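Following: one structure in structure tokens, then a few remarks.
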Amino acid sequence: MNFIHIEQETIPNIISLHDCLCTGIQVVDNKVCFEFEDGFVVCNTHPENQSGKHLKTDKSCIVFNHHDSDMEYNYEIGMFHNIRFFNKHFFTIRKFMDFSQLCTMINSKEYELEFIKLDKSITTEKYFLEAELIKKKTRKYFPCFIKLINTKDFLYKWNSLCCDREIR
């Protein structure tokens, strides 16, 4: 898909991925595209947003450009699973997942990845994504953390703002 607006992440806090659902992941060479069928949020401080309100976009994506094409190395994924017995929390297990497994889960449309927070480490040039993996059928969610290694930069891509989709 071609996009009208393409911008590098240079000015913090003008686009928000908080509570946005990733519905597809595409890998091409050294690029990974996280697709958002329902868009992401362009804040009222963004130069393209003249509405004075925080607005969602139409279908959009973010693209991470990596130094190499080994995605299994570029992504470290830790998922947390709470063990309960008779509705009482016993303990939490941390499981590691391969990037290819995450792609399969999301692209099967049985799961979605809800972005909570995306941070960049200034000292290591790594990105850290706090998210929740959600099983659509049961609405069961699994907290997870994704560390992106060897990332050069990333791009936000979208076509238009949806004036009827204000975020408060």
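Points to keep in mind about this one:
- Of TRP158, LEU113, ASN87, farthest towards positive along the dipole that unit charges on Lys, Arg, Asp, Glu beta carbons give the chain: ASN87
- MRE, 222 nm, helices only [DSSP H, n ≥ 4, -39500 (n - 2.57), over the chain, to nearest 500]: -2000 deg cm²/dmol
- The distance between label points at PHE90 and GLU110 comes to 2.4 nm (points 7 Å beyond Cα on the Cα→Cβ vector).
- For LYS135, the accessible surface of its heavy atoms amounts to roughly 70 Å² (probe 1.4 Å, protein chains only, rounded to the nearest 10).
- Accessible surface of region 57-102, 1.4 Å probe: 54 percent of it comes from carbon and sulfur atoms.
- Judged by the mean number of other Cβ atoms found within 10 Å, the most tightly packed of the peptides 97-104, 78-85, 156-163 leads the ranking 156-163, 97-104, 78-85.
- Mean separation of Cα pairs under 8 Å and 6 or more residues apart, divided by the residue count, gives the chain a relative contact order of 30 percent.
- The lysine pair tally for region 74-168, using Cα distances under 16 Å and a gap of 8 or more places or different chains, is 11.
- Entry for Kirkwood radius over Cα pairs in Å (calculated from the structure that is shown) out of [x] 18.1; [y] 21.7; [z] 16.9: [z]
- When you count the other C-beta atoms within 10 angstrom of each residue and take the mean per peptide, 141-147, 55-61, 39-45 line up highest first as 55-61, 39-45, 141-147.
The values are calculated or read from the model by the stated rules, or taken from the named source; none is laboratory data. Treat the numbers as computed from the prediction; the structure is a model and nothing was measured. Neighbour counts run over all protein chains shown; Cβ positions are idealised from the backbone, glycine included. Remember, those area values only see protein heavy atoms, side chains included, never the ligands or the DNA or RNA. Shrake-Rupley method; radii C 1.70, N 1.55, O 1.52, S 1.80 Å.
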